[in-house]
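Okay, so here's the structure we're looking at.
The values are calculated or read from the model by the stated rules, or taken from the named source; none is laboratory data. Model, not experiment: these values are computed from the prediction. We place every Cβ from the backbone using ideal geometry, glycine too, and count neighbours over all the protein chains shown. Keep in mind that these areas ignore ligands, DNA and RNA; they rest on the heavy atoms of the full protein, side chains included. Shrake-Rupley method; radii C 1.70, N 1.55, O 1.52, S 1.80 Å.
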Amino acid sequence: MMSSIFAISLATAAIAAVVILIARFRINPFIVLFSVSILLALVAGMPADKVVGSFEAGAGHVLGHVGTVIALGTMLGKMLAESGGADRIVLTISTLSGRRHVDWAMMLIGLLVGLPVFFEVGFVLLIPLAFVLADRTQTPLLRVALPMGAALSITHALIPPHPAALLALSAYHADIGKTILLGIAIGTPIAVIAGPVFGRFASARVIPEGPNPLAKQFVNSKPPGNLPGFGITVFTVLSPVILMLAGSMADRVAAPHTTFNNILHFIGNTDIALLLATVLSFYVLGHARGFSRETVLRFTNECLGPTALIMLLVGAGGGFGRVLVDSGVSRSITDTALGAHVPLLVLAWMLAAIVRVACGSSTVAMATASGIVAPILARSTGVSAELMVLVTGAGSVAFGPMNDAGFWQLKEYLGLTVPQTLKTWSVLETLIAVCGLVFCMIASIFVH
């Protein structure tokens with residue numbers, strides 16, 4: 001097994017190489033991620049015949065889910081934009097919140113939509129709204145999109161019934177009701193700090209370079225004069241969320257393995273829920289608005305072009321993360337953290353943060369850290385299991401590293417460079433993680 005110093009040095013060198021090669025030498029990000037992953041695995045001592053397979057397995061695992069999500073979410077977003085549905089939501093939101101508070105409105109929408117869905121799903125559902133809202137209100141895109149991203153990240157990490165939070169909840173044997181209440185109490189102020197507050201600070205200092213082809217296809221759409229109703233439009237956008245919630249409640253409303261239970265689980269699957277919502281949008285936002293079948297087909301075909309690079313980078317980020325795990329780098333770094341004698345809340349946060357940097361996935365980070373710390377918690381007293389769930393979740397989103405698929409997804413959608421993404425998204429994610437640790441430590445004085 002490699003030494004911890006070597007593992008940390010190797011991971012640091014790999015991440016630095018990715019930044020320099022992409023930002024300084026302007027090499028294609030996919031080529032860089034693929035090449036650095038292969039080189040890292042070979043230097044770590046991984047057998048040469050296993051290296052490419054490890055990268056392909058990581059990329060395939062991520063793309064098998066995220067690729068479908070991005071494709072369906074983009075189609076749904078295109079229908080939303082072309083039908084005028086996005087304009088209807090934007091008009092209503094900006095009227096209710098006022099032009100000066102659209103970032104707060106997007107934060108609240110992100111908290112609502114993010115509850116039952118993975119970050120990638122919520123992001124592709126809401127980014128068309130952010131594009132249109134920023135354009136129509138003449139607000140910097142980052143000021144609108146960052147609060148939305150912060151809210152989605154917080155619900156992903158802190159608040160059940162999100163799948164990631166449920167993993168830690170199960171490991172620590174925490175009470176779900178108490179965890180939700182504490183998650184809302186701690187997550188809401190974090191969303192304000194990392195969302196509208198940081199978003200306004202960052203958008204004034206980081207300006208995306210050049211035109212954004214993804215934003216252009218949404219904001220350049222010319223919707224019909226009579227916009228669809230607010231209620232039916234919101235229902236169409238939230239229909240996948242409703243279906244996923246139904247799936248998560250299946251075992252509570254129907255006996256396991258019954259036909260009704262199986263149907264709820266099926267329609268609650270992320271891909272199926274998005275598929276049904278997208279097909280619904282073809283009628284509600286397409287046919288019912290007067291668009292022909294040929295026009296709807298053209299919309300759905302042309303919107304997929306700009307997502308090709310996003311899918312490649314998301315897959316490459318997954319491959320990079322898998323290589324870090326398979327090569328043993330991630331385990332060596334985690335074992336080093338375990339040897340440090342620190343308070344349990346801090347240990348859980350540290351482990352989640354380290355695994356996050358090592359493998360990229362916040363869900364994997366939360367599952368890994370809670371699995372390691374849970375036996376220690378079982379032998380400890382005076383530590384709240386619910387706070388352990390929250391602090392592990394906070395650590396699991398730390399640093400917004402480049403081996404996280406979300407990093408590249410956000411970079412491409414917002415038209416940022418790698419350094420700009422590090423200055424905005426990586427700082428935002430770190431802000432969520434640090435605030436989460438601090439607030440949980442404060443809450444531990446009162447909650448046992």
(message) I'd like the FRET efficiency for residue 446 and residue 3, computed as 1/(1 + (r/R0)^6) with the beta carbon distance as r and R0 of 51 Å, rounded to 0.05.
(response) 0.75
(request) Order the peptides 42-51, 142-151, 350-359, 238-247 from the highest to the lowest mean number of other Cβ atoms within 10 Å of their residues. (result) 142-151, 350-359, 238-247, 42-51
(request) Just need the relative contact order of the chain here, percent rounded to a whole number, with Cα pairs under 8 Å and 6+ apart. (result) 24
(request) Mind checking which of 361, 428, 243 is farthest towards the positive end of the range 4-445's charge dipole, using Cβ charges of +1 (Lys, Arg) and -1 (Asp, Glu) about the Cα centre? (result) 428
(request) Kindly report, to the nearest 10 Å², the accessible surface of residue 56 as traced by a 1.4 Å probe over protein heavy atoms only. (result) 120
(request) In a Gaussian network model over the chain where Cα atoms closer than 10 Å are linked, find which of 291, 260, 119 has the largest mean-square fluctuation. (result) 260
(message) Limiting things to C-alpha atoms, what are the Rg and the maximum Cα-Cα separation (Dmax) for the range 122-279, in angstroms?
(response) 18.8, 55
(message) Ordering 251, 271 by accessible area with a probe of 1.4 Å, largest first, what comes out?
(response) 251, 271
(message) Springs between alpha-carbon pairs under 10 angstrom, Gaussian network model over the chain: which of 99, 322, 26 fluctuates most?
(response) 26
(message) Using 0.36 nm times the number of residues separating residue 205 and residue 308, minus their current alpha carbon distance, what extension gain do you get?
(response) 34.2 nm
(message) With θ taken as phi - 60° and the coefficients 6.51, -1.76 and 1.60, list the Karplus ³J(HN,Hα) couplings across the range 399-407 in order, rounded to whole Hz; mark glycine and proline as x.
(response) 6, x, x, 6, 8, 9, 4, x, 4
(message) Helix-only mean residue ellipticity at 222 nm, the chain, DSSP H runs n ≥ 4 weighted -39,500 (n - 2.57), per residue, nearest 500. What is it?
(response) -23500 deg cm²/dmol
(request) Using only protein heavy atoms and a 1.4 Å probe, report how much of residue 176 is accessible, in Å² to the nearest 10. (result) 60
(message) Keeping every protein chain present and rolling a 1.4 Å probe, give me the accessible area per residue for the range 4-445 in Å².
(response) 39
(request) Calculate one ³J(HN,Hα) per residue across the range 312-324 by plugging θ = phi - 60° into the Karplus curve 6.51 cos²θ - 1.76 cosθ + 1.60, and present them in order as whole Hz with x for glycine and proline. (result) 4, 6, 4, x, 5, x, x, x, 4, x, 5, 5, 4
(request) Can you send over the solvent-accessible area of residue 39, 1.4 Å probe, protein chains only, in Å² to the nearest 10? (result) 110
(message) Accessible area of the range 4-445 with a 1.4 Å probe: how many percent of it is carbon plus sulfur?
(response) 68
(message) Just to verify a number: FRET efficiency for residue 13 and residue 226, C-beta to C-beta distance, R0 = 56 Å, to 0.05?
(response) 0.45
(request) Would you mind telling me which residue in 33, 304, 169 has the biggest mean-square fluctuation in a Gaussian network model of the chain, where springs connect alpha carbons within a distance under 10 angstrom? (result) 304
(message) Just to check I understand the Karplus step: with θ = phi - 60° and J = 6.51 cos²θ - 1.76 cosθ + 1.60, what whole-Hz values come out for the range 283-292, glycine and proline as x?
(response) 8, 5, 9, x, 4, 5, 9, x, 7, 7
